[in-house]
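Peer 1: Dropping the structure in here first, questions after.
The values are calculated or read from the model by the stated rules, or taken from the named source; none is laboratory data. Keep in mind the model is a prediction, meaning the values are calculated, not measured. Using ideal geometry, Cβ is built from the backbone for each residue, glycine included, and neighbour counts are taken over all protein chains shown.
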Amino acid sequence: MKKVIVSLLFGVGIYLCIPCCTSCRQSSPPTPGKFQVITTLFPLYDFARQIAGDKAEVSLLLPAGVEAHSFEPRPGDIVRISKADLFIYTGPLMEPWAEDILKGITNKELIVINASADILLSQEEDNHNEAHAHQAEVSTLDHEHEHGRQDPHIWVDPVLAQQIVSAIADGFAAKDPANKDYYLANAKAYNKKLADLDIQIRAALEKCSNKTIVYGGHFAFGYFARRYGLEHLSPYAGFSPNAEPTPRKITEMIETLKKAGTSYIYYEELLEPRVARIIAEGAGAELLLLHGAHNISREELEKGVTYLEIMEGNLERLKVGLGYHG
Ligand SMILES: [Zn+2]
């Protein structure tokens, strides 16, 4: 099956909100000397705080432990965004609620960064294992879920993450031109760490005998799998955990796991791994975490976990599950 890469319709990553009227303009941020940055998902928060250094206050909109795809902003969140100087989100696929909020915001000073605007998004085609081979059997609901969807999980690929970092840095520079060099230098230093992570992952996965990630969570590692030449199987249709997999899909996954000659199945963060556990029990496999980094738990927040630590943890567990022979 062919892979279809299509670009997102949005041509620019940064734009200024147009005010509905001049009289309803929002006030300046409360902390003198620092501007306020609101981010939606954890990777954006972590990237933004690396770039901000001590010159801006960066906050994460999603409360710790909240599953990102089911997040709905509260009225207080909308107020926070409207008072911010910089708002960073993944894009309309991941945060469909953001578009409506942004349309209603009157703060003409707010700079909005759509992190996926300049990234070619993959459209599901052969991503979802055997979905099309069994198309005739798929219910109407499944069929709707399996077509015309694009994958929002760009941050799991350390190479695309560097593009996100650069887009965020440009936003900081636009907001605070006096410190442009500072932000760009921070971004460059952090992108070096992401480039090192990419090299580390590539080197380790080349020494893994198994090239298939059997995932009991939703399809979140498509970009990662493509980057490193892996196959990524998930019983979920679409790109969110909101639609439960069908019993037939679960049965297929059990059979796939048995045939793949691996004794590990991965589960996703923050959600009870009910589906992954059923598959693991059916195939006699063990569970391992593959953290999609959409958001972090309260415990992770208290520990001060970083994106790099999450990805390094993923790599260690991938080495276990994919048969690393260093
Ligand atoms: Zn996801």
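Peer 1: Of the residues that sit in region 264-282 and are within 20 Å of Ser209 (Cα to Cα) and away from the ligand (no atom under 15 Å from the Cβ), which one is surrounded by the most Cβ atoms within 10 Å (Cβ to Cβ)?
Peer 2: Of everything passing the filter in region 264-282, Ile265 is surrounded by the most Cβ atoms within 10 Å (Cβ to Cβ).
Peer 1: Are there any pairs, at least 6 apart or on different chains, whose C-beta atoms fall under 8 Å, with the first in region 162-177 and free of Cβ contacts under 8 Å to residues at least 12 places away in the same chain and in the same structural domain as Gln36 (by TED's automatic domain parsing) and the second in a helix (DSSP H, G or I) and hydroxyl-bearing (Ser, Thr, Tyr), and if so, which?
Peer 2: Cβ pairs passing all conditions: Ala173/Tyr183.
Peer 1: Does region 243-263 include one or more residues that are in contact with a Gly (Cβ under 9 Å, 6 or more places away or on another chain) and within 14 Å of the ligand (Cβ to nearest atom)?
Peer 2: no
Peer 1: So which residues in region 283-317 are more than 16 Å from the ligand (Cβ to nearest atom), in a strand (DSSP E or B) and either within 20 Å of the chain's Cα centre (by Cα) or charged (D, E, K, R) (or both), if there are any at all?
Peer 2: Glu286, Leu288, listed by residue number.
Peer 1: Same structure, new question: Of all residues in region 52-64, how many are closer than 21 Å to Lys108 by Cα and exposed (fewer than 15 other Cβ atoms within 10 Å of the Cβ)?
Peer 2: 1
Peer 1: What is the one condition in (1) surrounded by fewer than 16 Cβ atoms within 10 Å (Cβ to Cβ); (2) at pLDDT below 95 that His128 does not satisfy?
Peer 2: Only one criterion in (1) surrounded by fewer than 16 Cβ atoms within 10 Å (Cβ to Cβ); (2) at pLDDT below 95 is unmet by His128, namely (1).
Peer 1: Let me ask something else. In region 65-85, how many are touching a residue at least 24 places away in the same chain (Cβ under 8 Å), more than 21 Å from Ala174 (Cα to Cα), of a type in the set (D, E, K, R) and surrounded by 16 or more Cβ atoms within 10 Å (Cβ to Cβ)?
Peer 2: Result for region 65-85: 1.
Peer 1: Continuing with this model, one more query. Are any residues in region 47-64 farther than 14 Å from Tyr183 by Cα, outside any strand (DSSP E or B) and in contact (Cβ under 8 Å) with a residue 12 or more places away in the chain, and if so, which ones?
Peer 2: Leu61, Leu62, Ala64
Peer 1: Across region 66-115, which residue is nearest to the ligand (Cβ to nearest atom) among those that are among the small types (Gly, Ala, Ser) and assigned to a helix (DSSP H, G or I)?
Peer 2: Checked region 66-115; the qualifying residue nearest to the ligand (Cβ to nearest atom) is Ala68.
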